[in-house]
Structure formats: structure tokens, C-alpha cells
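**Q** Take a look at this one; I'll ask things after.
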Amino acid sequence: MCDICVMNSVKERMISRRSFFRTAVAASAVAAVGATKTTPAMAEGHSAVQDMSYELSGDFPTYFGTPGMSSESMFNFAEHGFNVSRITLNEHTGTHIDAPLHFSADGAAVNEIPVSQLIAPLCVIDIAARAAQNADATLTPDDIRAWIAAHGPIPDGACVAMHSGWGAHVLTDRYRGADDDGVQHYPGFHVEASQLLLEETNAASIASDTLSLDIGASATFDTHYSWLPAGRFGIENIANLDHVPPAGATLVIGAPNHRGGSGGPARIFAMM
């Protein structure tokens, strides 16, 4: 069959199904935004789901200050009967995973993170009040101990997330917080906090609601070098930590699966 015949055939089938897709999209549109009620397929014991990831685009702030994503159309519906775009992407863009390989010579790539670690009890440690007064605030061992005193031991396989409130600045220059010398200022994990988690817990991941696991002003990336080479992974630019409880939610991490990746954008949600 000739190429144009194939295209016309595809186009006719797609047009004939427009009404079906319109109905499906309308029915599911509400479920795509924010927290929603559970579905029959939700794991027992959860009643709502919260999106924890930002929309991926070239406008999202990046550590290097340059767009982390671009997209160009290869085929469009008007001419070809279907849409296909080519995406160029920095692995560490938007809400994304830092795999052990990111800061080690031979650590696990993102596709090698065990699937069992991608469903995790979520522990949210709130330092927002302190961060509001100091952009270089860190999550410390004392913050972890205070959380444990209030909520009990950190569960095995947990994701320990720093809630600094920095999501409020995500579309402003303050999110990167670069000063006149180009030094960035936003909160992160103190290296002693990552060391405590490594030595005293079986947490599988840590998550930050900023551009980095380390504070923005760090030039040595101590937390990255402490956490990732130990075989654990990180999440950066996690969203909506103010919409989930400090304990009790289950995080589902849609990590990318490209071979040899040092990380990559992730769709993440919390079941509550």
C-alpha cells in the first residue's frame, strides 16, 4: 500500500473516533489536576491521590539557568493525520530522579533502580518556616529526630522529603535565587542529615522541593556525594508537599527507564 494511502486510512479512522476521544477526555479532565478521589483500582486504604510533579516544559527553571527541554513537530494532524514531536531533554529537568550514577563512576543507572523502591512510604519533614527567613536553610539531623519523635521510625524503603515551601517561587527568579555573582540560594539537605539516614534508617530515597538535594550555594555537593554513591536515589523539584500529610502517604514514583541514564523526568503521585 502506498504511503499516502496509509496516511489517509489512518486519518479516516482517527476522525471517525473523535467523538469517542472527546467524551473520554472530558470524563477524565478533572482527574488530571491536583488531588482527586480514589478509583476502584486504588490500593486498599487510600482515599485520594495527589500529583507531586510539575508540568515539564522549556520554561521550567533549571540548575544551569538554560532551558532543559525543547520540542519540535515532526508530524501534525492537519497534514498527516497524527501528531509526533521530537523532544530534546536534559535528564535533570523538572521533577526528576537523580540516580546513583549521577554522582558516581559506576553506580546504578536510572533504569537499574529496583521497581520495589519506586513505591515508598512518604515522610515529609517541614522546614518551611526556617527557609522563609533564610534561603540557605538546611534540613538537619535534629529535624529528622524531631520527625521521628512525632511520627515514629522512618519506614524501610521510605522517601524522606524536605518541604521548604520553595514551590511557591517556582515560576519566579527566586526559585534559582542567583545573586550578582551567580551563586544560587535555596534550601537543601545538610550532609549530616543524609549521613544519619544512611547509618540509622533503610530509607531508599530523599526528595527536595528545590533544584538540588544540596543547598543552592553548595560548590561541593556534599549531600549528592554522600547519598547517591551509597546506592540510594534522589528526587528534585518534587511538588505539592504542602498537600500531603507528614506521614502515612504512599509515594508512587514513575521513574524513567532509559538505559544508562543518570536520571530523568518522573511523574510522581502520592496516595493518601
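**Q** Relative to the present Cα-Cα distance, how much length would full extension add between V84 and F64 at 0.36 nm per residue of separation?
**A** Numbers: separation 20, 0.36 × 20 = 7.20 nm, distance 2.83 nm.
That pair, V84 and F64, stretches by 4.4 nm at full extension.
**Q** Right, another one. Quick one: Cα centre-to-centre distance for region 142-177 and region 203-230, in angstrom?
**A** Here the answer is 12 Å between Cα centres.
**Q** Where does region 177-272 land on Rg(C-alpha)/(2.2 N^0.38 Å)? Walk me through the intermediate numbers first.
**A** Values: Rg = 14.3 Å, N = 96, 2.2 N^0.38 = 12.5 Å.
Its radius of gyration relative to the 2.2 N^0.38 Å reference: 1.15.
**Q** D156 to A178: FRET efficiency via 1/(1 + (r/R0)^6), r the Cβ-Cβ distance, R0 51 Å, to the nearest 0.05? Can you show the working numbers first?
**A** Numbers: r = 38 Å, r/R0 = 0.75.
It comes out at approximately 0.85.
**Q** Within region 179-272, list the trypsin sites (Lys or Arg not before Pro) lying in a DSSP loop whose Cβ has at most 11 other Cβ atoms in a 10 Å radius.
**A** Working: sites: R232, R259, R267; in loops: R232, R259.
Those that pass, being in a loop and sparsely packed, are R259.
**Q** So how much slack lies between T220 and E200, counting 0.36 nm per residue of separation and subtracting their Cα-Cα distance, in nm? Please list the in-between numbers first.
**A** Numbers: separation 20, 0.36 × 20 = 7.20 nm, distance 2.40 nm.
Roughly 4.8 nm would be gained on extension.
**Q** Assuming a ≥ b ≥ c are the square roots of the Cα gyration tensor eigenvalues, decide whether region 114-231 counts as rounded (a/c under 1.5), prolate (otherwise, with a/b larger than b/c) or oblate.
**A** Numbers: a/c = 1.86, a/b = 1.59, b/c = 1.16.
In terms of gyration-tensor shape, prolate.
Here, each number is a calculation from the coordinates, and none is a lab measurement. Worth saying up front: this structure is predicted, and the values here are computed from it rather than measured. Heads up, the Cβs are rebuilt from the backbone with ideal geometry, glycines too, and the neighbour counts pull from every protein chain shown.
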